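Notes follow the structure.
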Amino acid sequence: MQVIENLKVKEKVYIEKLENGLTIMIIPKKDIQKKYIIWGTKYGSNESTFVVPGETDPIEVPKGVAHFLEHKMFEQENGTNSLDVLTSLGVNANAYTTNDHTAYLFEGIDNFYEALDELMDYVQHPYFTDENVEKEKGIIGQEIMMYDDYPEWKVYLNALEAMYHEHPVKLDITGTIETISHIDKDVLYKCYNTFYNPSNMVMVACGDFLPEDLLEEIKKRLEKKEANGEIKRIYPEEPENIVKEKVEQKMQVSIPLYTIGIKVPPLEETQKVKTHLGVEILLDLIFGKSSELYKRLYNEGVIYGAPGCDFEFANGYAHILLTGQANDPEKVYEEFKKKVIEYKEKGINKEDFERIKRSIYGSFVKEYDDVADIARMFISDTFKGINSFDYLEEIDAINVEYVEQLLKNLFKEEKMVISIVKN
Amino acid sequence: MEDIKTQINDGIKLHTIRTSKFKTNLISMFFTTELNKENVTKNALISLLLRRGTKNIPSQDELSKKLENMYGAFFDCGLDKIGNNQVFKFYIETINDEYIPQSNEEMWKEAVNLLLEIALNPYTEQECFKEEYFEQEKKTLTQIIEGRKDNKAQYALNRCIEEMYKDEPFGLYKFGNIEDIEKIDNKQLYEYYKNLIKNCKIDIFVSGNIPDSKEIENLIKSNENACKLEGRQAKYNPVKIENRNRKDNQEKIVEESLEVTQGKLVLGLDINIEKEDEKYIAVVYNSILGGSANSKMFQNVREKAHLAYVASSSYLRHKNTIFINSGIEIANYEKALKIIKEQIKDMENGNFSDNDLKEAKKVITEGIKTVYDEQDSQITYCFGQEMNENEDVSLEQYMEKIEAVTKEDVIEIAKVIEVDTIYFLRD
């Protein structure tokens, strides 16, 4: 196995790429009782048009299939449900779907290998029938309705809709009650056979393991399956400009919610980590808890807390998001824009920069305590083509000039949007 | 995991948990005081004011800068309700010295001193909190209380608690109420704060890769803020089983309308037991009823009837109460309620298998074992024991007690469980 060590956090990752294309990553954690394993496929809500390997014409499937498939994977032909089986073994099992991947996982202390049997069995054996597919529509329908009541979710989705013309990232991961009504077992099998191939999958384990032993145990449980070749994913052409600058929705909330979005060009392969770090530093400098902007807006009673900042990127898109609550979101937006211009003109103070860099370094170190945090970080970074350790290393090389340049290149006024949810 | 307890003074205890498992050190301080209508809102306002600044670090941005310089130390001050107490919870989490590039600083010392400074030495002017901060934080508190309706599921649960404990301290919302905010006077509030820190129960937890408890004790005793704290007969309510003695055995049904797409149905259950050890049976009962994906709630309400995505129950140990939660289509209210009640009845009739019992215990013990791996859970567990007057149960003992629960025990307890309140949030 290939071993990569990081001396800053004193952790190692063992990596093996099997012949069938499956990537396995193991991060040993001594003295921790909890073991965590996650098996994911590079297939999320964004993949709705693609060419099945071996075929020539692209197919388009209803929105929400990846998530629907995730729900249905637990059902087994012998009538059992793998979630129940795993729960009976005393482990905590779950699954989730994002824009760019779907993953199945469990964590637990005892019965690890019994649970691994079940996990690897159910992910490799789908069982869809007309009846069990219909039944799931009711449960997912309730999940969709639950999200309808979350203003945080609406304000986020609306910001994406304001930024994107075509890219499917703007759509709800679950699909809608209408789109899922078109899902049947044939569509599910088609997507399963395309994307749940070892060459499109990654498994990450974190806990007190001997990497070589665990690797053998995993191999034993793998069905024989050939790598199926490249899946051509087709994303619609996305214009650089935004759709509209402002979008507002009425919902019962005590105080308006806002999301400020900045649409940026898709990232170059080698620049992802560096750009991500640079953007985080900039957002902290501009609107973090020690910033002049935060202090002023808090003192004026416009906001009650610092916004949550995110930088999201995957195939064919990247955007910056700031989300919070404010009595006057328009004012927050205007003041934020002014501050960006001010920083562009005056430059960044070296002392502030170093302090924020320190703080961000510390926050990355903290990511290495919990086995679940570690495994989830590695799997989602891997699907983005990133080795998580790179964040700890590349931060050293970031300097003021670099982030000043980034500010000019990415924080463009004509690419900004604001989404508001209020009464 | 060992919690080494050192009495700093009467009513003030240091808990040292030494471990090299984590990359962080976690320091926390808890002020425990009686929960009552008169003071609940004042306490909430104080918890917000203490974040604003101290004598030596007079503003929030300076405090933020200080934390950023400590490699992104995380600070928070929150409020909790534990039994009939209101608890101020101060936390600072820093990375271990071991992971600080070229450093010879002892970060844990800085963190302990900073936490004591924030909690005990607020920024004041003329025996008042700074007027500007006082006015701003009153607005923030108003916003927090009004914002309670934003998360509908959480709101429904809080409302059910409020209805169920209508005339008891536990029915109070932990951030108080809006009507009382305007009545608070700055000078009186500062007086009240000084009294609070004189009389509350104080627990300080220091966890991580740290020196032995003696050295920490010395640091605290020589800290200029902590050394002013005198011994006290702490005024708080130790957690113990209480018999609510409800006179009427009628279920209370409460319906409330808000703009929701999905209805939120919450049931509050009374458990009429008297012995501390019966709590472990209640934990098992809850696990079978709604504590996991194998539970009756999940299986019957979600998987069989397809009525909900969320269908679960949780046991509130320090109040000895179970809350059942579900998000359902509004038109399905009657149907869902009927199925939920059938589950409760089933428990009483012993309609669950030995295997259900075995699995429920496994879910609980696995949950308990994860406490070893989580720094904050370790502190929460130890503090829970600290609050419980009659016992100090180790994690191992806890698991043994769970293992000892029999099917008959669960059926017996099911017979003394009754629905107290049914709360439904609809459109």
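The values are calculated or read from the model by the stated rules, or taken from the named source; none is laboratory data. What you see is a predicted model; the values in this text were computed from it and never measured. All Cβ positions, glycine included, derive from the backbone under ideal geometry; neighbour counts span all protein chains shown.
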- Please indicate, with yes or no, whether at least one residue in region B:231-253 is assigned to a helix (DSSP H, G or I) and more than 21 Å from the chain's Cα centre (by Cα). no
- Could you say whether any residue in region B:156-166 is over 30 Å from A:Pro151 (Cβ atoms) and in a loop (DSSP other than H, G, I, E, B)? no
- Taking region B:267-298 as the region of interest, how many residues are within 18 Å of B:Lys358 (Cα to Cα), modelled with pLDDT of 90 or more, over 21 Å from the mean Cα position of the chain (by Cα) and assigned to a loop (DSSP other than H, G, I, E, B)? 1
- Task: Please specify each residue of region B:30-74 satisfying the condition of being among the polar types (S, T, N, Q) and within 12 Å of another protein chain (Cβ to nearest Cβ).
- Result: B:Ser59, B:Gln60, B:Ser64, B:Asn69
- Query: How about region A:323-351: which of its residues are of a type outside the set (Gly, Ala, Ser) and over 15 Å from A:Phe287 (Cα atoms)?
  - Reply: A:Asn327, A:Asp328, A:Glu330, A:Glu345, A:Lys346, A:Lys350, A:Glu351
- Residue hits (region B:330-378; closer than 19 Å to A:Gly108 by Cβ, more than 8 Å from chain A (Cβ to nearest Cβ) and of a type in the set (Ser, Thr, Tyr)) are B:Ser377
- Task: With the condition kept exactly as written, say whether any residue in region A:181-194 is within 14 Å of chain B (Cβ to nearest Cβ), touching a residue at least 60 places away in the same chain (Cβ under 8 Å) and among the basic types (Lys, Arg).
- Result: no
- Heads up, the strands (runs of 3 or more DSSP E) in region A:305-423 (entirely inside) with at least 1 residues that are within 30 Å of A:Glu11 (Cα to Cα) and not assigned by TED's automatic domain parsing to the domain that holds A:Leu160 are A:308-314, A:317-325
- Only one of (1) surrounded by 16 or more Cβ atoms within 10 Å (Cβ to Cβ); (2) within 14 Å of another protein chain (Cβ to nearest Cβ); (3) of a type in the set (Gly, Ala, Ser) is not met by B:Ala119, so which one is it? (2)
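Do we have B:Ile46 as closer than 17 Å to B:Ile184 by Cα, β-branched (Val, Ile, Thr) and crowded, with 23+ Cβ neighbours inside 10 Å here?
Numbers: closer than 17 Å to B:Ile184 by Cα: yes; β-branched (Val, Ile, Thr): yes; crowded, with 23+ Cβ neighbours inside 10 Å: yes.
Judged against the criteria, B:Ile46 is a match.
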- Hits in region A:238-259 - residues which are farther than 13 Å from A:Val332 by Cβ and within 14 Å of another protein chain (Cβ to nearest Cβ): A:Gln249, A:Lys250, A:Met251, A:Gln252, A:Val253, A:Ser254
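For region A:11-33, which residues satisfy the criterion of being part of a loop (DSSP other than H, G, I, E, B), within 14 Å of another protein chain (Cβ to nearest Cβ) and modelled with pLDDT of 95 or more?
Residues of region A:11-33 that are part of a loop (DSSP other than H, G, I, E, B), as a first pass: A:18-22, A:29-33.
Narrowing further to those that are within 14 Å of another protein chain (Cβ to nearest Cβ): A:29-33.
If the condition is that a residue be part of a loop (DSSP other than H, G, I, E, B), within 14 Å of another protein chain (Cβ to nearest Cβ) and modelled with pLDDT of 95 or more, then A:Lys29 is the only one that fits.
Return the only residue of A:Glu334, A:Glu413 being without any contact (Cβ under 8 Å) to a residue 12 or more places away in the chain and either under 28 Å from A:Glu240 (Cβ atoms) or touching a strand residue (DSSP E or B) at 6+ places or on another chain (Cβ under 7 Å) (or both). Steps first, please.
On the way: A:Glu413 fails: without any contact (Cβ under 8 Å) to a residue 12 or more places away in the chain.
After ruling out the rest, the residue left standing is A:Glu334.
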- Would you check if A:Glu330 is of a type outside the set (Lys, Arg), away from chain B (no Cβ under 14 Å) and either surrounded by fewer than 19 Cβ atoms within 10 Å (Cβ to Cβ) or within 25 Å of A:Lys170 (Cα to Cα) (or both)? yes
- Message: Testing A:Asp213 on (1) surrounded by 14 or more Cβ atoms within 10 Å (Cβ to Cβ); (2) modelled with pLDDT of 95 or more, one condition comes back false. Which one is that?
- Response: (1)
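Any residue at all in region A:260-270 that's of a type in the set (Ser, Thr, Tyr), within 30 Å of A:Thr382 (Cα to Cα) and in a helix (DSSP H, G or I)?
Looking only at region A:260-270, we keep the residues that are of a type in the set (Ser, Thr, Tyr), and these are A:270.
After this cut, where a residue has to be within 30 Å of A:Thr382 (Cα to Cα) as well, the list is A:270.
Imposing the further condition that a residue be in a helix (DSSP H, G or I) reduces the set to A:270.
Yes, because at least one residue in region A:260-270 is of a type in the set (Ser, Thr, Tyr), within 30 Å of A:Thr382 (Cα to Cα) and in a helix (DSSP H, G or I).
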- Could you list all residues from region A:282-323 that are surrounded by fewer than 19 Cβ atoms within 10 Å (Cβ to Cβ), within 14 Å of chain B (Cβ to nearest Cβ) and small (Gly, Ala, Ser)? A:Gly301, A:Gly305
- Query: Residues of region A:158-187 being among the hydrophobic types (A, V, I, L, M, F, W, C) and either surrounded by 20 or more Cβ atoms within 10 Å (Cβ to Cβ) or not assigned by TED's automatic domain parsing to the domain that holds A:Tyr43 (or both), which ones?
  - Reply: A:Ala159, A:Leu160, A:Ala162, A:Met163, A:Val169, A:Leu171, A:Ile173, A:Ile180, A:Ile183
- Of the numbered conditions (1) within 20 Å of the chain's Cα centre (by Cα); (2) modelled with pLDDT of 95 or more; (3) more than 20 Å from B:Ala311 (Cα to Cα); (4) of a type outside the set (A, V, I, L, M, F, W, C), A:Glu70 satisfies every one except a single condition; which is it? (3)
- Which residues, counting only those in region B:299-308, are in contact with a strand residue (DSSP E or B) (Cβ under 6 Å, 6 or more places away or on another chain) and part of a loop (DSSP other than H, G, I, E, B)? B:Leu307
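Here is a check on your reading of the model: is A:Ile341 closer than 19 Å to A:Lys408 by Cβ, crowded, with 21+ Cβ neighbours inside 10 Å and not basic (Lys, Arg)? So that I can check it myself, show each step before the final result.
On the way: closer than 19 Å to A:Lys408 by Cβ: yes; crowded, with 21+ Cβ neighbours inside 10 Å: no; not basic (Lys, Arg): yes.
So A:Ile341 fails the test.
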